[in-house]
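Novice: This is the structure, below, for whatever I ask next.
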Amino acid sequence: MLPEAGRAKAKVAIFISGGGTNMAALLYASRLPGCPYEIVLVASNRKDAGGLTLARAEGIATFAHPHKGMERAEHDEMMERAARDAGAEYIVLAGYMRILSEEFVTRWAGRIINIHPSLLPKYKGLDTHARAIAAGDSHGGTTVHLVTPELDSGAILQQVEVAILPGDTAEALAERVKLAEHQLYPRALADYVSRGNDPAWLIEQLRQRVAALPEVEERPSHGAPGWRTGGKSGKYFAYFSDQHHGEKAIALLVKTSGPDEMHALIENDPASFYRPAYYGASGWVGLVLNRPDLDWGQVEHWLKRSWRSVAPIRLTSLIDAAEEF
Ligand code: GRF
């Protein structure tokens, strides 16, 4: 969770409609040492939202504009403009009681997050606590999830369960769920904005892309995950390197045409490429994955090229035929 020294913090705009206790939890967490995000704006569709007063007192920029009399998309755009003007890279909903237009959500896909007071996928929408109690559930809880056009249905990032007590009321449970939310939201947001530095997340992204190539097998080599193609005696075309040999990078190692190309790549773009220990001698290059402007298209390009350079002809000819279509 600690950002690397000097690494820029992710800029976050929080949208609220009410008291903003989750906003406060996010804000104070952002002021602890090492938090990888900072709050650049608190925005609301209600001028009287209690959270705005607190945000102002804490020196955070605020924006408020009522939605009354406005088209949904028009109001969304106004909120969005305020977020962009503040430099936000993420929008975090914390009790923002508005359904967002599909266009807006799509523009922020993967960068807009919500907290919902139930263990999703159970109890989307309102009255979550009363519904959990009425169903006789042993636990309620809360979920941090990505926002997609369909309400409360985006990918789940993290959840916490909260026990339901005998004789619990919806109000009493809601209060305890909020305590859990105040722990969960800052942590889930910090983990999410830091995912580009998380080896487990990075390797999962690689696995998904490697799976698109024919006849590939993952097999550790010298303790690091590697991928080879061409069956039992197949050759390696990629390795995952997590700060090996004291290197700073979490990287994908791929084959170039040889040391000349490797050196040229590094010279042209030293932020993206480096000469990996041992492998560099035979013309492999390290493609740095833990950097903010990583282009996954470039990663895919290198995986494919490297695969092609070692794959047997029976496999490359299949791909050639498919690509000719
Ligand atoms: C929270 O319970 C959250 O799960 C839901 O709205 C409530 C907001 O509360 N989306 P607060 O304004 O953060 O206190």
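Derivation of every value follows stated rules applied to the coordinates shown; laboratory data play no part. Not measured: the values here are computed from a predicted model. Every residue, glycine as well, gets a Cβ built from its backbone with ideal geometry; the counts of neighbours run over all protein chains shown.
Novice: Determine, for each peptide in 86-93, 64-71, the mean count of other beta carbons within 10 angstrom over its residues, then list the peptides with the highest first.
Specialist: Averaged packing, sorted descending, gives the order 86-93, 64-71.
Novice: Assuming R0 = 51 Å, what is the FRET efficiency of Asp260 and Arg31, from their Cβ-Cβ distance, to the nearest 0.05?
Specialist: For Asp260 and Arg31, the calculated efficiency is 0.55.
Novice: Further question on the same structure: What net charge is computed for the residues neighbouring Ala134, neighbours being all others with C-beta under 15 Å from the C-beta of Ala134, Lys and Arg scored +1, Asp and Glu -1?
Specialist: Summing Lys/Arg as +1 and Asp/Glu as -1 gives -2.
Novice: Still on this structure, I have one more. Please compute the Kirkwood hydrodynamic radius over segment 77-161, one decimal place, Å, based on all pairs of different Cα atoms.
Specialist: Over segment 77-161, the inverse of the mean reciprocal pair distance is 13.7 Å.
Novice: Return the percentage of antiparallel bridges among DSSP beta bridges fully within the chain, rounded to the nearest 5 %.
Specialist: 65
Novice: Would you mind getting the Kirkwood hydrodynamic radius of segment 24-154 from its Cα pairs, rounded to one decimal in Å?
Specialist: It works out to 16.1 Å.
Novice: Let me know the volume per residue of the alpha-carbon convex hull for segment 1-82, in Å³.
Specialist: Convex hull of Cα atoms, per residue: 94 Å³.
Novice: Can you tell which of Leu100, Val42, Ala180 lies farthest toward the positive end of the dipole of the chain, using +1 and -1 charges on the Cβ of basic and acidic side chains (Lys, Arg; Asp, Glu)?
Specialist: Ala180
Novice: Determine the equivalent ellipsoid of segment 137-235 by diagonalising the alpha-carbon gyration tensor, then write out the semi-axes as square roots of 5 times the eigenvalues, largest first, rounded to whole Å.
Specialist: 42, 14, 14
Novice: Sticking with this one: Can you compute the modelled spin-label distance between Glu58 and Glu218, with each label point 7 Å from Cα toward Cβ, in nm?
Specialist: Those two pseudo-labels are separated by 3.8 nm.
Novice: If each DSSP helix of 4+ residues adds -39,500 (n - 2.57) and the sum is divided by the residues in the chain, what number results at 222 nm, nearest 500 deg cm²/dmol?
Specialist: Helix-only estimate at 222 nm: -11000 deg cm²/dmol.
Novice: Hey, another quick one. Find out how many positive minus negative residues lie around Thr169, taking Lys and Arg as positive, Asp and Glu as negative, among other residues whose Cβ is under 15 Å from that of Thr169.
Specialist: -2
Novice: Can you tell me the relative contact order of the chain? Whole percent, Cα pairs under 8 Å, sequence separation 6 or more.
Specialist: 11
Novice: Any chance you could check the Cα centroid distance between segment 270-324 and segment 73-126 for me, in angstrom?
Specialist: 36
Novice: In addition: Give me the net charge for the shell around Val210: Cβ to Cβ below 15 angstrom, other residues only, Lys and Arg +1, Asp and Glu -1.
Specialist: +4
Novice: For the peptides 219-232, 47-60, what is the packing order when you average, over each peptide's residues, the other Cβ atoms within 10 Å and list the highest mean first?
Specialist: Packing proxy ranking, top to bottom: 47-60, 219-232.
Novice: Can you work out the FRET efficiency for the pair Glu38 and Trp296, with r the C-beta to C-beta distance and R0 = 25 Å, to the nearest 0.05?
Specialist: 0.50
Novice: Turning to a different aspect of this structure: Over every pair of different alpha-carbon atoms in the chain, take the mean of 1/r and invert it; report that Kirkwood radius in Å.
Specialist: For the chain, inverting the mean 1/r across all distinct Cα pairs yields 22.5 Å.
Novice: Using DSSP, restrict attention to beta bridges with both residues in segment 39-164 and report what percent are antiparallel, rounded to the nearest 5.
Specialist: 65
Novice: Looking at this model, which pairs from Lys47/Lys124; Lys9/Lys304; Lys248/Lys304 are more than 29 angstrom apart at the alpha-carbon?
Specialist: Too far apart for the 29 Å limit: Lys9/Lys304.
Novice: For the pair Gln205 and Glu77, what calculated FRET efficiency results from E = 1/(1 + (r/R0)^6), where r is the Cβ-Cβ distance and R0 = 41 Å, to the nearest 0.05?
Specialist: 0.85
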